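Colleague: There's a structure below that I have some questions on.
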Amino acid sequence: MSNMGVMSTCFCVRSFVHLLRPGVQKMGYFQLHTASRCAAKNHYEVLVLGGGSGGITMSARMKRKVGADNVAVVEPNEKHYYQPMWTLVGAGAKQLATSGRPTASVIPSGVKWIKSSVTELDPDKNCIRLADDKKISYKYLIIALGLQLHYEKIKGLPEGFNYPKIGSNYSVRTVEKTWKALQDFKEGNAIFTFPNTPVKCGGAPQKIMYLSEAYLRKTGKRSKANIIFNTSLGSIFTVQKYANRLLEIIKARNIVVNYKCNLIEVRADKQEAVFENLDTPGVTEVYQYEMLHVTPPMGPPDVLVNSPVSDAAGWLDIDKETLQHKKYPNVFGIGDCTNLPTSKTAAAIAAQSAVLDKTISSVMKSQLPTKKYDGYTSCPIVTGYDRVILAEFDYNSQPLETFPIDQSKERLLMYYMKADLMPFLYWNGLLKGYWGGPAPVRKLMHLGLK
């Protein structure tokens, strides 16, 4: 699970398949790396690292495959959160308490919950080390550790959150501060940021901006507010179809967007935010703010950095189609901790879970995986308290929409799906290992039009 037991943001999904990487073929595909085992006190056929959305859904699926007694989940946090709801919590549309449940309530019945954190991975010996120095060995390993928030990489944070006027929807400790800052807004700049790193749900940093603008309009304060989106990116969204519509909304609502603009310091005592121009490194600009929403820099969990299973950047190095590790055939990955070139969302995790389930089944039968993940991900872009643009797309940033309508349009129906249907599907479908994304729905929808 990611830092503070947080889940990936956004929701929706699809299905997939795989061609084995050449490196794995050369080492002998069916000679799984399971012969060597460290001297461990405990051994499980399937060991899952992380009790977030990816870890829980895969533990549920593995329970049905090998039996509960043969599956264990390593997760230190007592609380499990559905983070996609925090966009609405930060805007006062949902209560924080409704986004979390005890971890014990989401661990599949009979599956062993190892209440600890992972400190070392030793895939050559098929074991991991826990915080208490205990070793656990496995036959198959699923890594679902999420990502890590790095507020400390912005000078003045996280201590700056002790001051008013500043919040962040990315942490359970700061999401309610966003709503407080919005309610207390009087006059001046409302600034929303996007960091110069990979993030969970690339649409989330601007969702709160649209909601805040709507709230200020509703409360009669909009004329006194300058809404500013300072993003490290060079475009508003990666998929052109949705970007075009978002730019229309931005223009209509008189929102200022500054590209290649990265937050590097917060002077909370003075209500000042310092941004660096990424096109001209070293050149900075200081903004006075009345409200500041911070999207923090993010990165892979510390345990993965420089580990044998990670790439040079520290992300879990897996095949983008089968989700199987490129070097260790009995190691698999899912979710935010991986180096899959797609947006990190709960929707992506749902789609990945369906593919990974098939991949592991094939490996257990000494067969080549055939189901492929196409990069499906989804981001319900909330543009108001009753409107959502449902963005769905693949590895190539091409729309991969579920419904036979133009999903780039703002729709009330999509808002209710985001606010009410998706949480229900999450708790009762995804985490129980039954929801693998909307690919079957998409197929039925489009067949019905033929």
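The values are calculated or read from the model by the stated rules, or taken from the named source; none is laboratory data. Computed from a predicted structure; not experimentally measured. Glycine gets a Cβ as well: all are built from the backbone with ideal geometry, and neighbour counts include every protein chain shown. Ligands, DNA and RNA are excluded from the accessible area calculation, which covers all protein heavy atoms including side chains. Shrake-Rupley method; radii C 1.70, N 1.55, O 1.52, S 1.80 Å.
Colleague: Determine, yes or no, whether LEU425 is within 28 Å of VAL89 (Cα to Cα) and either touching a Pro at 6+ places or on another chain (Cβ under 6 Å) or at pLDDT 95 or above (or both).
Modeller: yes
Colleague: Show me the strands (runs of 3 or more DSSP E) found entirely inside the stretch 215-302 where at least 3 residues are buried (at least 19 other Cβ atoms within 10 Å of the Cβ) and not assigned by the TED database to the domain that holds LEU400.
Modeller: So the answer is 225-231, 261-267, 272-277, 291-293.
Colleague: Which one of these does LEU447 not meet: (1) modelled with pLDDT of 95 or more; (2) out of contact with any His (no Cβ under 7 Å at 6 or more places or on another chain)?
Modeller: It is condition (1) that LEU447 fails.
Colleague: Quick test of your reading of the structure: THR178 fulfils all but one of (1) of a type in the set (Val, Ile, Thr); (2) assigned to a helix (DSSP H, G or I); (3) not assigned by the TED database to the domain that holds CYS201. Name the failing condition by number.
Modeller: (3)
Colleague: Just to be sure I understand, how many residues within the stretch 316-340 are within 19 Å of GLU120 (Cβ to Cβ) and open to solvent by 10 Å² or more (accessible area, probe 1.4 Å)?
Modeller: Qualifying residue count, the stretch 316-340: 2.
Colleague: Collect the residues in the stretch 55-88 that are part of a loop (DSSP other than H, G, I, E, B), open to solvent by 10 Å² or more (accessible area, probe 1.4 Å) and in contact with a helix residue (DSSP H, G or I) (Cβ under 9 Å, 6 or more places away or on another chain), keeping them in residue-number order. Walk me through it before giving the result.
Modeller: Taking the stretch 55-88 and keeping what is part of a loop (DSSP other than H, G, I, E, B), we get 67, 75-78, 82.
Filter again for open to solvent by 10 Å² or more (accessible area, probe 1.4 Å), leaving 67, 76-78.
Hits for the stretch 55-88 are PRO76, ASN77, GLU78.
Colleague: What single numbered condition from (1) out of contact with any Lys or Arg (no Cβ under 7 Å at 6 or more places or on another chain); (2) under 30 Å from GLY384 (Cα atoms); (3) buried (at least 16 other Cβ atoms within 10 Å of the Cβ) fails to hold for ASN162?
Modeller: It fails just one condition, (3).
Colleague: Taking LYS155, is it open to solvent by 10 Å² or more (accessible area, probe 1.4 Å), more than 15 Å from THR295 (Cα to Cα) and modelled with pLDDT of 95 or more? Steps first, please.
Modeller: Values: open to solvent by 10 Å² or more (accessible area, probe 1.4 Å): yes; more than 15 Å from THR295 (Cα to Cα): no; modelled with pLDDT of 95 or more: yes.
Answer is no for this residue.
Colleague: Taking the conditions exactly as written (acidic (Asp, Glu) and surrounded by 24 or more Cβ atoms within 10 Å (Cβ to Cβ)), does ASP311 satisfy them or not? So that I can check it myself, show each step before the final result.
Modeller: Numbers: acidic (Asp, Glu): yes; surrounded by 24 or more Cβ atoms within 10 Å (Cβ to Cβ): no.
Considered against the rule, which asks whether it is acidic (Asp, Glu) and surrounded by 24 or more Cβ atoms within 10 Å (Cβ to Cβ), ASP311 comes out as no.
Colleague: Taking the conditions exactly as written (open to solvent by 10 Å² or more (accessible area, probe 1.4 Å) and either assigned by the TED database to the domain that holds GLY54 or part of a strand (DSSP E or B) (or both)), does ILE191 satisfy them or not? Walk me through it before giving the result.
Modeller: On the way: open to solvent by 10 Å² or more (accessible area, probe 1.4 Å): no; either assigned by the TED database to the domain that holds GLY54 or part of a strand (DSSP E or B) (or both): yes.
Judged against the criteria, ILE191 is not a match.
Colleague: Right, another one. Return the pair list, or none, for Cβ contacts closer than 6 Å from residues in the stretch 241-265 that are closer than 24 Å to ASP279 by Cα to residues that are open to solvent by 70 Å² or more (accessible area, probe 1.4 Å), at least 6 apart or on different chains.
Modeller: Qualifying pairs under 6 Å: LYS260/ASP279; ASN262/ASN196; GLU265/LYS155.
Listed here are the residues, each with its yes/no results for (1) free of Cβ contacts under 8 Å to residues at least 12 places away in the same chain; (2) small (Gly, Ala, Ser); (3) touching a Ser or Thr at 6+ places or on another chain (Cβ under 7 Å).
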position	(1), (2), (3)
PHE185	no, no, no
CYS201	no, no, yes
GLN206	no, no, no
THR219	yes, no, no
ALA225	no, yes, no
ASN230	no, no, yes
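Colleague: Can THR178 be described as under 19 Å from the mean Cα position of the chain (by Cα) and in contact (Cβ under 8 Å) with a residue 12 or more places away in the chain? Walk me through how you get there before you give the answer.
Modeller: Values: under 19 Å from the mean Cα position of the chain (by Cα): no; in contact (Cβ under 8 Å) with a residue 12 or more places away in the chain: yes.
Against the criterion (under 19 Å from the mean Cα position of the chain (by Cα) and in contact (Cβ under 8 Å) with a residue 12 or more places away in the chain), THR178 does not qualify.
Colleague: Right, something else. In the stretch 351-393, which residues are closer than 28 Å to ALA252 by Cα, of a type outside the set (Asp, Glu) and free of Cβ contacts under 8 Å to residues at least 40 places away in the same chain?
Modeller: So in the stretch 351-393, the residues closer than 28 Å to ALA252 by Cα come out as 377-393.
Next cut, of a type outside the set (Asp, Glu) only: 377-385, 387-391, 393.
Answer for the stretch 351-393, where residues must be closer than 28 Å to ALA252 by Cα, of a type outside the set (Asp, Glu) and free of Cβ contacts under 8 Å to residues at least 40 places away in the same chain: ARG387, VAL388.
Colleague: Residues in the stretch 118-149 that are in a loop (DSSP other than H, G, I, E, B) and either buried (at least 24 other Cβ atoms within 10 Å of the Cβ) or not charged (D, E, K, R) (or both): how many? If you could, list the steps in order and put the result at the bottom.
Modeller: Quick first cut of the stretch 118-149, residues in a loop (DSSP other than H, G, I, E, B) only: 123-126, 131-134, 144-147.
With either buried (at least 24 other Cβ atoms within 10 Å of the Cβ) or not charged (D, E, K, R) (or both) added as a condition, the list becomes 123, 126, 131, 144-147.
Total satisfying the criteria: 7.
Colleague: Just checking, how many residues over the stretch 346-371 are open to solvent by less than 20 Å² (accessible area, probe 1.4 Å) and within 19 Å of TYR434 (Cβ to Cβ)?
Modeller: Going through the stretch 346-371 one residue at a time, the tally reaches 13.
Colleague: Okay, next question. Those residues that are in a helix (DSSP H, G or I) and more than 19 Å from the chain's Cα centre (by Cα), I need them from the stretch 390-419; list them, please. So that I can check it myself, show each step before the final result.
Modeller: First, the residues of the stretch 390-419 that are in a helix (DSSP H, G or I): 412-419.
Answer for the stretch 390-419, where residues must be in a helix (DSSP H, G or I) and more than 19 Å from the chain's Cα centre (by Cα): LEU412, LEU413, MET414, TYR415, TYR416.
Colleague: Does ASN196 qualify as being under 26 Å from the mean Cα position of the chain (by Cα), closer than 22 Å to THR178 by Cα and open to solvent by 60 Å² or more (accessible area, probe 1.4 Å)?
Modeller: On the way: under 26 Å from the mean Cα position of the chain (by Cα): yes; closer than 22 Å to THR178 by Cα: yes; open to solvent by 60 Å² or more (accessible area, probe 1.4 Å): yes.
Here the answer is yes, as ASN196 does meet what is asked.
Colleague: Still on this structure, I have one more. What are the residues in the stretch 338-375 that are closer than 30 Å to PRO297 by Cα and in a helix (DSSP H, G or I), if any?
Modeller: Selection gives ALA346, ALA347, ALA348, ILE349, ALA350, ALA351, GLN352, SER353, ALA354, VAL355, LEU356.
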